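Asker: Structure in structure tokens, see below.
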Amino acid sequence: QEQLVESGGGLVQAGDSLRLSCAASGRAFNSATVAWFRQAPGKEREFVARIGRYGSNIDYSYFATGRFIISKDNTKNMVYLQMNSLTPEDTAVYYCASSSINGATSPRFFRSWGQGTQVTVSS
């Protein structure tokens with residue numbers, strides 16, 4: 001059964017790092033785009049980072065550039081998001097999702113989603 005399962009969230013202090021993991025089934029993992037999104041309380045879901053089927057076509061949101069790194073391991077069907085220099089503004093539920101569209105960043109183009117993992121950053 002196709003699924004995406006996130007893990008690695010937690011409670012950290014400002015300046016700390018976390019690595020999120022997304023375990024994906026074959027169909028979801030081999031989609032055109034796998035991306036990370038986040039949603040904070042009272043805010044809309046927003047794009048964080050994406051990666052293409054073969055590890056190319058990588059892009060980041062403005063707030064992730066220089067701090068976050070997205071990667072994938074094709075032998076383990078895993079996608080990762082390394083988050084460094086975290087701030088309280090990064091507090092949100094982080095989701096992994098897959099899309100059939102190359103370069104997709106809008107949530108509405110992603111058909112499969114995990115349940116999310118909570119990241120909380122204190123000051």
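The values are calculated or read from the model by the stated rules, or taken from the named source; none is laboratory data. These numbers come from a predicted model, not from an experiment. So basically every Cβ, Gly included, is an ideal-geometry build from the backbone, and we count neighbours across all protein chains shown. Accessible surface areas use protein heavy atoms only, side chains included; no ligands, DNA or RNA. Shrake-Rupley method; radii C 1.70, N 1.55, O 1.52, S 1.80 Å.
Asker: Return the sequence-ordered ³J(HN,Hα) values of region 98-109 in whole Hz as given by the Karplus equation 6.51 cos²θ - 1.76 cosθ + 1.60 applied to θ = phi - 60°, using x for Gly and Pro.
Answerer: My calculation for region 98-109 gives 10, 9, 8, 9, 5, x, 5, 9, 7, x, 5, 9 Hz in order.
Asker: Taking only protein heavy atoms into account and a 1.4 Å probe, give the accessible area per residue of the chain in Å².
Answerer: 51
Asker: Same structure, new question: Restricting to Cα pairs below 8 Å that are 6+ residues apart, what does the relative contact order work out to for the chain? Please round to a whole percent.
Answerer: Averaging sequence separation for qualifying contacts and normalising by length gives 36 percent for the chain.
Asker: Within the accessible area of region 6-64, what % is carbon and sulfur when the probe is 1.4 Å and the other protein chains stay in place?
Answerer: After summing per-atom areas, the C and S share lands at 45 percent.
Asker: Further question: Using the beta-carbon distance between Glu46 and Lys76 and R0 = 22 Å, what value does 1/(1 + (r/R0)^6) give for FRET efficiency, to the nearest 0.05?
Answerer: Once rounded, the FRET efficiency stands at 0.20.
Asker: How much solvent-accessible surface does Ile101 expose, in Å² to the nearest 10, with a 1.4 Å probe and all protein chains in place?
Answerer: 70
Asker: Across region 35-79, how large is the tail of the calculated P(r) beyond 12 Å, expressed as a percent of all Cα pairs?
Answerer: Working: 626 of 990 pairs.
Cα-Cα pairs of region 35-79 separated by over 12 Å account for 63 percent.
Asker: Apply the Karplus parameterisation 6.51 cos²θ - 1.76 cosθ + 1.60, with θ equal to phi minus 60°, to every residue of region 68-80 and state each ³J(HN,Hα) to the nearest whole Hz, in sequence, with x for glycine and proline.
Answerer: Result, rounded to whole Hz: 10, 9, 9, 8, 9, 10, 5, 7, 10, 6, 10, 10, 10.
Asker: Cα centroid distance between region 71-106 and region 1-68, in Å?
Answerer: 1
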